[in-house]
Amino acid sequence: MPLPLVITANAAVGKGWAGHATGILAGATAGATFLVGALDLAGARLVQVGPGGQTIGLDLTIMVTALLAATLASRPVRERIGRMVPIDPDSPVHAYALVLSLILFGSQVGTILFADTLVVDQKLPPLTLGDVLASEIPFLVLAAAGVGLYIRRNVAAAAERLGLTRPKWWQISIALASAGAFFAFIQLADYLSQVWTPQVAGQVDKTTQHVFAGLGDPIGIAALALLPGICEEILFRGALQPRIGLLATAAVFTSVHTQYGLSLDVLAVLVVAIGLGLIRKYANTTTSCICHVSYNLLAGIGIASALVGVAVGVEVALVALSVFALWSNRRRRSLPAVP
């Protein structure tokens, strides 16, 4: 994890050597990434592609991504990007966030396109609670370091920057209603995937069952709901989205979910990621966390066929409550102030 470099970028903010730090951080990270692709292309076997994968395609994607990331060391390039996303081209933190986002997105897309991820995941042992902790906690640490906790901001200021505020009752209602809507949408996408691409859907289901086979007990389900729902939201929606924008963040978030391979499920995850981004934009990160955790719980527990009617009724009630709350808030804001 590039934690020391993230800390260095924060320490350079406002310093006379900030411009030099930006170039060094971008160049070093891009260079190391390019080296990984080049060494693997030369036969070092640093990445796994599976029996149906294409090593050359993945290696070249990593190398091209590294070259693109290296261009972010140039201030004119960052200025042009700054016209599209809310970054400060002179901030080493913003520049390094772009570099890491691009490298993560490019390498993950390469993995989805050229690695047989479904087969690779089936050959790995099922996830344990320790694996989930080890994969999710770094997101939280990176988010805290990225906003300069104890470097540029205290705890209160960092929480405010990350959008971690106490949600209002109507925001909780929106979070729960959205979680139900996302769950229904994913079920529809899964059904369509089984109809249109039954072979791929079968592989995805088989891989998913294998990967999460060791986490089917209440503790495992709770961990899969809470840890990704909190840690991923704080990093992607809390720290990253205000810098690189909603759509770019949704794309990076989707690329991380390589366990679905190249399938319709990836597009479904992208739609949900955009929905979570909208919740963050118009409410706060706490609300998007509640939504994400609630969705994960629904996915982990499922809904028995006998309870479908109850679930639909609850969802309709939550949607109605959310609509009423939004209408009430909008009406209240439109009323003239009392002199």
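The residues neighbouring Pro198, those whose beta-carbon lies less than 13 Å from its own, together hold a net charge of -1 under the Lys/Arg +1, Asp/Glu -1 convention. Compared with the direct C-alpha span, the chain from Leu60 to Trp169 gains 34.3 nm at full extension, assuming 0.36 nm per residue.
In summary, the lysines within cross-link reach of Lys281, defined as a Cα separation below 26 angstrom excluding same-chain residues under 8 places away, comprise Lys168. In plain terms, the chain from Ala134 to Leu41 could stretch by 30.6 nm, reckoned as 0.36 nm per residue minus the Cα-Cα distance.
Measuring from centroid to centroid over Cα atoms, what is the spacing of region 113-181 and region 1-41 in Å? If we compute the Cα centre of each part, the gap is 23 Å. Quick one: grab the alpha carbon gyration tensor of the chain, order the square roots of its eigenvalues as a ≥ b ≥ c, and give me rounded if a/c is under 1.5, else prolate or oblate depending on whether a/b is larger than b/c. Oblate, since a/c reaches 1.5 and b/c is not below a/b.
Please work out whether region 167-211 counts as rounded, prolate or oblate from its C-alpha gyration tensor, where a ≥ b ≥ c are the square roots of the eigenvalues and a/c under 1.5 means rounded, while otherwise a/b larger than b/c means prolate and anything else oblate? Because a/c hits 1.5 or more and a/b fails to exceed b/c, region 167-211 counts as oblate.
Across all directions, the average projected area of the convex hull around the alpha carbons of region 128-250 is 9.6 nm². Shown here for region 12-109: trypsin sites (Lys or Arg not before Pro) in loop regions (DSSP other than H, G, I, E, B) with at most 15 other Cβ atoms within 10 Å, namely Lys15, Arg45, Arg83. The modelled label-to-label distance between Leu3 and Arg83, using points 7 Å beyond Cα along the C-beta direction, is 4.0 nm.
I need the peptides 123-135, 100-112 ranked by packing, meaning the mean over residues of other C-beta atoms within 10 angstrom, with the highest value on top.
The peptides rank, most packed first, as 100-112, 123-135.
Here's the list of lysines a cross-link from Lys206 could span, going by alpha-carbon distance under 29 Å and ignoring same-chain residues fewer than 8 apart: Lys123. Net charge near Leu240, counting Lys/Arg +1 and Asp/Glu -1 over other residues with Cβ under 14 Å of its Cβ? Once positives and negatives cancel, what remains is +3. In this structure, Arg75 and Ala32 have a Cβ-Cβ separation that, at R0 = 25 Å, corresponds to a calculated FRET efficiency of about 0.70.
Percentage of Cα-Cα pair distances in region 1-115 greater than 20 Å, rounded to whole percent? Every Cα pair in region 1-115 considered, those over 20 Å come to 43 percent.
Note on Trp17 and Val316: with the Förster distance fixed at 51 Å, the Cβ-Cβ geometry gives a FRET efficiency of about 0.30. With N as its number of residues, region 75-133 has a Cα radius of gyration that, divided by 2.2 N^0.38 Å, comes to 1.67.
No value in this document is a laboratory result; all are computed from the given coordinates. As the structure is a prediction and not an experimental result, all values here were calculated from the model. For neighbour counting, all protein chains shown are included, and Cβ atoms are generated from backbone atoms with ideal geometry for every residue, glycine included.
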